[in-house]
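K.L.:
The structure is given below, and queries will be raised subsequently.
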Amino acid sequence: MQLTKEKFIRDFKDAVHEAQLIKVPAATPTEAFVSLAKVIRKYYTPLWLERNRKISEDQKKVAYYFSIEFLPGRMLETNLLNLGILDTVKEGLADLGIDFEEVKNAEHDMALGNGGLGRLAAAFMDSLATTGYPGFGNGLRYKYGLFKQRIVDGYQVELPDSWFGSIGNVWETRKDHDIVDVKLFGNVYLQANEEGRIMPVYENAQILRAVPYDVPQIGFGNDNINNLRLWDVEIPEEYELNYPTVADRRRVQDITATLYPDDSSYEGKELRLIQEYFMTSAGLQTIIQSYLKQNRPLENIHEKVSVHINDTHPAVAPAELMRLLVDDYGLEWDKAWQTTVKTMSYTNHTILSEALEKWDAELFKNVLPRVYQIILEIDNRYVAELAQKGVNPETIENTRIVKNDQIHMANLAIIGGHSVNGVAKLHTELLKDDTLHDFFVLFPEKFNNKTNGIVQRRWTQIAAPELSEAIDKTIGTGWRTDIHELRKLNELADNPEILADFYQVKQDAKAKLAAYIKETTGIDVSTDAIFDVQVKRLHAYKRQLLNLLHIIKLYWDLKDNPDLDMVPRVFIFGAKAAPGYHFAKSVIKLINEIANLVNQDASLQGKLKVVFLENYNVSLAELIIPAANVSEQISLASKEASGTSNMKFMMTGAVTLATLDGANIEIKDEVGDDNIVIFGMDKDEVYQHYANHDYYSRGVYESNPTIKRVVDTFVNGTIPNSASEGTEIYEALITHNDEYFLLEDFEAYVAAQAQIDALYRDKEKWSRMSLLNIANSDKFTSDDTITQYAQDIWQLEN
Ligand code: 26Q
């Protein structure tokens, strides 16, 4: 959009006067933020209306991305950037004596997600708007986002994230117009109506009101605005008498109170199922209503609507759509089923079996009695059809939805949809060969890969403005609109002046992070050190502990030989552990205690520092990632479906230190073997161990003195204040046979780290590697990923 600085200043002053009854210079950063958001809303509202009008007038097919998590982080700066008015607004505020950075920091992160999966959903929203495809989000409006993490005495403490604060969500619009009701619990029996049609009759069902709040998703440079629809729950006035006590009301409000903070193991909690169903049913109801306005037959809804199931959390969708089509709109089962399968598609984000959702049939039946009947019917028909085709009984049993009194949600999503995708090449291959192999044999045409991506604008232009300017200076500004132009940097990677420039940009980003580290932890770190970073959720398979084992090795090397010639290192961690994940919390405790040990030891001469930054979130990632020299992506091969921070690090010039897992493999393919450091077992070697049952960690420990010394450090009193956690870790590694093969990969990891040390000493060589990472990162733009979803899976037009 067009905006002059003068007009902006007038609008902003008016907004401050009107909203706060004060003059601009008196406004606090929060007041300035709220007023600025009001001004921006005024700018985008007509664009938003126009977009909605156009989509319904053109009767374009729309994709709805159903996700129980969306993790956008802050929105102010992206909104401004995408509207094309970021510089104008910054200049206008500067003229008024207001620091944009302070205003920006007044916005609370919108953290309605745990990690990768939620962040990916948010990225897709941005990219759908940017590419111009009609794609809307559908999720929950949690009152509390992912917990705030504090570290007390080295332990993780969780505090509620009351992100609405006193100002609420400045971007959302409540849409009373689209309110719908959702039914839970009660009994259902079937009865013939006057026309002889069998209809369900509900008794004692609980009826809840689903209230949508829409958050605009502004496309970059195209004035396109899509919708992210988040549902809140309310008690319908006419049923108020059913909720006489405060406790009754609270039970209802609980449905949208908090995001489940667990991304590692699945727990069959009733409230979680209610959350999943609530957003799914509400979303599907409004989708049908808006489709019907086009006066088209419901049995063709797949021609105008796609519903995407982001992991199994909304996988009740095929069954719920069947319920709506058959019960509420009177479609015949077969016609309803055909359109349902063509409407639905599903992304799998994990091969870890403990994370696959299965619901206890009794619990499910109690909460969703009618949906349960529908699922049984789907399952019966599926089994009968395959049996009739002569499929072997074992395959049928492996793939059916209901078995052993459990409902397998992934199976429902696969059977009830036309597309299943993994999130990186290796991950999709593993799904086909292993986790979902029987399905692949039955329905090979459903399977496809969509390697994840990131919103390049957030990680370069917003998080790394100095880097962006350096790129402008080198190849012009075209890359800002067409990320593929970054490839032009490839030809300049031998120019020492350019390399020196980029080196300096990284140094400046490191200085900014160093200041933050000093301010928040009191730890002094030198920007001459290698900034070696591992930031992600804490999970055993991601192997933060392997990183820690190497740190302990360096510690002993330095204690043995204080004059050891090594490039100083700062190991930086950021990680939240699921509140009930005991082992993960013990690893956090140990990182912090080892940090205390090494940071205070003057004999190490500042060569080794360890920093744990608390409350890792999107905003902190924007500070940390551009300052990294080394990107730690060290999961056990086969376990990390894709990873997405690996892409962000690459794009901002870190060198990846990685196993051949997830998207690391594709990063290696893009950047070439010389510009990445790969180590450790590959997935075939890991699978061979599984097949041969031949891994014995105690044997490795007993035969390798270095490993023994490192592991013993956890239990011999070296690390203060962590005896029980140290024992837990020791036992995981030795007694419980080291499930993620840390000891097997240890030596390769140490060697890879030594290689990093050697490479970093040659400043020009390192800078070249760094630049080539930036130059070849365009493959991972989520704009392209979403284009593939839109074309291959959803058949949209932009
Ligand atoms: C399920 C049931 C009950 C409660 C919680 C959950 C739950 C919630 C979140 C299970 C899993 C998650 C999140 C998973 C996740 O973030 N997976 C990551 O997805 C990224 C995007 O595709 C990948 O890059 C990562 O490799 C993958 O770990």
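The values are calculated or read from the model by the stated rules, or taken from the named source; none is laboratory data. Not measured: the values here are computed from a predicted model. Glycine gets a Cβ as well: all are built from the backbone with ideal geometry, and neighbour counts include every protein chain shown. Side chains are part of the model used for accessible areas, which takes the heavy atoms of the whole protein and leaves out ligands, DNA and RNA. Shrake-Rupley method; radii C 1.70, N 1.55, O 1.52, S 1.80 Å.
K.L.:
Given (1) in a helix (DSSP H, G or I); (2) open to solvent by 20 Å² or more (accessible area, probe 1.4 Å); (3) touching a helix residue (DSSP H, G or I) at 6+ places or on another chain (Cβ under 9 Å); (4) farther than 20 Å from Glu357 by Cα, where does Tyr372 come up short, assuming only one miss?
P.N.:
(4)
K.L.:
State yes or no: is Gly330 more than 16 Å from the ligand (Cβ to nearest atom), in contact (Cβ under 8 Å) with a residue 60 or more places away in the chain and not in a helix (DSSP H, G or I)?
P.N.:
In short, yes.
K.L.:
Turning to a different aspect of this structure: State yes or no: is Ile68 over 16 Å from Ile462 (Cα atoms), open to solvent by less than 30 Å² (accessible area, probe 1.4 Å) and in a loop (DSSP other than H, G, I, E, B)? Walk me through it before giving the result.
P.N.:
Details: over 16 Å from Ile462 (Cα atoms): yes; open to solvent by less than 30 Å² (accessible area, probe 1.4 Å): yes; in a loop (DSSP other than H, G, I, E, B): yes.
Spelling it out, Ile68 is indeed over 16 Å from Ile462 (Cα atoms), open to solvent by less than 30 Å² (accessible area, probe 1.4 Å) and in a loop (DSSP other than H, G, I, E, B).
K.L.:
Output the residues belonging to the range 242-283 that are among the basic types (Lys, Arg), within 14 Å of the ligand (Cβ to nearest atom) and part of a helix (DSSP H, G or I).
P.N.:
Hit for the range 242-283 is Arg272, nothing else.
K.L.:
Would you confirm whether any residue within the range 84-103 is closer than 29 Å to Glu469 by Cα and touching a Pro at 6+ places or on another chain (Cβ under 6 Å)? Steps first, please.
P.N.:
Of all residues in the range 84-103, those closer than 29 Å to Glu469 by Cα come to 84-103.
Narrowing the set further to residues that are touching a Pro at 6+ places or on another chain (Cβ under 6 Å) leaves 102-103.
For the range 84-103, residues closer than 29 Å to Glu469 by Cα and touching a Pro at 6+ places or on another chain (Cβ under 6 Å): present.
K.L.:
Kindly indicate whether any position in the range 354-362 is farther than 22 Å from Tyr189 by Cβ, part of a helix (DSSP H, G or I) and either assigned by TED's automatic domain parsing to the domain that holds Gly186 or open to solvent by 20 Å² or more (accessible area, probe 1.4 Å) (or both).
P.N.:
yes
K.L.:
Do we find a residue being in contact (Cβ under 8 Å) with a residue 24 or more places away in the chain and within 16 Å of the ligand (Cβ to nearest atom) anywhere in the range 38-58?
P.N.:
Within the range 38-58 (the criterion being in contact (Cβ under 8 Å) with a residue 24 or more places away in the chain and within 16 Å of the ligand (Cβ to nearest atom)), the answer is no, since none of the residues qualifies.
K.L.:
In addition: All but one of (1) crowded, with 17+ Cβ neighbours inside 10 Å; (2) farther than 18 Å from Asp176 by Cβ; (3) of a type in the set (A, V, I, L, M, F, W, C) hold for Leu228, so report the exception by its number.
P.N.:
(2)
K.L.:
Ile415 passes all but one of (1) in contact with a helix residue (DSSP H, G or I) (Cβ under 8 Å, 6 or more places away or on another chain); (2) open to solvent by 50 Å² or more (accessible area, probe 1.4 Å); (3) not small (Gly, Ala, Ser); which number fails?
P.N.:
(2)
K.L.:
Check whether at least one residue in the range 446-459 is of a type outside the set (S, T, N, Q), under 28 Å from Leu83 (Cα atoms) and open to solvent by 60 Å² or more (accessible area, probe 1.4 Å), and report yes or no.
P.N.:
No, because not a single residue in the range 446-459 is of a type outside the set (S, T, N, Q), under 28 Å from Leu83 (Cα atoms) and open to solvent by 60 Å² or more (accessible area, probe 1.4 Å).
K.L.:
Provide a single number: the residues in the range 332-389 that are among the aromatic types (Phe, Trp, Tyr) and touching a strand residue (DSSP E or B) at 6+ places or on another chain (Cβ under 9 Å).
P.N.:
4
K.L.:
Here's another thing I want to ask about it. Quick check on Arg229: is it in contact (Cβ under 8 Å) with a residue 40 or more places away in the chain and either part of a strand (DSSP E or B) or under 30 Å from Gly132 (Cα atoms) (or both)?
P.N.:
Yes, satisfied.
K.L.:
If a residue must be surrounded by fewer than 20 Cβ atoms within 10 Å (Cβ to Cβ) and outside any helix (DSSP H, G or I), how many such residues does the range 733-750 contain?
P.N.:
Counting residues in the range 733-750 that are surrounded by fewer than 20 Cβ atoms within 10 Å (Cβ to Cβ) and outside any helix (DSSP H, G or I) gives 3.
K.L.:
So how many residues does the range 157-169 have that are in a strand (DSSP E or B) and either aliphatic (A, V, I, L, M) or open to solvent by less than 20 Å² (accessible area, probe 1.4 Å) (or both)?
P.N.:
3
K.L.:
Please tell me if Val34 is more than 16 Å from the ligand (Cβ to nearest atom), β-branched (Val, Ile, Thr) and open to solvent by less than 10 Å² (accessible area, probe 1.4 Å).
P.N.:
no
K.L.:
Here is a list of conditions, (1) within 16 Å of the ligand (Cβ to nearest atom); (2) in a strand (DSSP E or B); (3) open to solvent by 10 Å² or more (accessible area, probe 1.4 Å), and Lys148 meets all of them except one; can you say which number that is?
P.N.:
Exception for Lys148: condition (1).
K.L.:
If you don't mind, another one. If Glu101 satisfies all but one of (1) under 28 Å from Tyr65 (Cα atoms); (2) in a helix (DSSP H, G or I); (3) without any contact (Cβ under 8 Å) to a residue 24 or more places away in the chain, what's the number of the condition it fails?
P.N.:
Only one criterion is unmet by Glu101, namely (1).
K.L.:
Related question: Considering only residues that are touching a residue at least 60 places away in the same chain (Cβ under 8 Å) and in a helix (DSSP H, G or I), look in the range 290-320 and name the one that is nearest to Glu69 (Cα to Cα).
P.N.:
Ala317
K.L.:
A further question follows. Take the residues in the range 99-125 that are among the small types (Gly, Ala, Ser) and more than 9 Å from the ligand (Cβ to nearest atom); name whichever of them is surrounded by the most Cβ atoms within 10 Å (Cβ to Cβ).
P.N.:
Residues of the range 99-125 that are among the small types (Gly, Ala, Ser), as a first pass: 106, 111, 113, 115-116, 118, 121-123.
Within this subset, residues satisfying the condition of being more than 9 Å from the ligand (Cβ to nearest atom) are 106, 111, 122-123.
On the way: Ala106: 19, Ala111: 26, Ala122: 28, Ala123: 25.
Ranking the candidates gives Ala122 first.
K.L.:
Moving on to the next point. Given the residues Lys779, Lys708, which is the only one that is open to solvent by 20 Å² or more (accessible area, probe 1.4 Å) and not assigned by TED's automatic domain parsing to the domain that holds Phe679? First the steps, then the outcome.
P.N.:
Working: Lys708 fails: not assigned by TED's automatic domain parsing to the domain that holds Phe679.
Going through Lys779, Lys708 in turn, the sole match is Lys779.
K.L.:
Turning to a different aspect of this structure: Can you confirm whether the range 236-249 contains a residue that is surrounded by 17 or more Cβ atoms within 10 Å (Cβ to Cβ), modelled with pLDDT of 95 or more and not aromatic (Phe, Trp, Tyr)?
P.N.:
No, there is no match, as no residue in the range 236-249 is surrounded by 17 or more Cβ atoms within 10 Å (Cβ to Cβ), modelled with pLDDT of 95 or more and not aromatic (Phe, Trp, Tyr).
K.L.:
Need a quick list: helices (runs of 4 or more DSSP H) entirely within the range 613-684 having at least 1 residues that are crowded, with 22+ Cβ neighbours inside 10 Å and more than 14 Å from the ligand (Cβ to nearest atom).
P.N.:
Ranges flagged: 618-624, 645-651.
K.L.:
Continuing with the same structure: Report every pair of residues separated by at least 6 positions or lying on different chains whose Cβ atoms are under 7 Å apart, first residue within the range 411-427 and outside the structural domain of Lys446 (by TED's automatic domain parsing), second within 11 Å of the ligand (Cβ to nearest atom).
P.N.:
Nothing qualifies.
K.L.:
Across the range 407-451, which residue is nearest to Val391 (Cα to Cα) among those that are more than 16 Å from the ligand (Cβ to nearest atom) and β-branched (Val, Ile, Thr)?
P.N.:
Only one residue fits best here, namely Val441.
K.L.:
Identify all residues within the range 451-495 that are among the hydroxyl-bearing types (Ser, Thr, Tyr), without any contact (Cβ under 8 Å) to a residue 24 or more places away in the chain and in contact with a helix residue (DSSP H, G or I) (Cβ under 7 Å, 6 or more places away or on another chain); write none if there are none.
P.N.:
Answer for the range 451-495, where residues must be among the hydroxyl-bearing types (Ser, Thr, Tyr), without any contact (Cβ under 8 Å) to a residue 24 or more places away in the chain and in contact with a helix residue (DSSP H, G or I) (Cβ under 7 Å, 6 or more places away or on another chain): just Ser468.
K.L.:
For the range 73-87, enumerate the residues that are open to solvent by 30 Å² or more (accessible area, probe 1.4 Å) and in a helix (DSSP H, G or I).
P.N.:
Within the range 73-87, just Asp87 meets the criteria.
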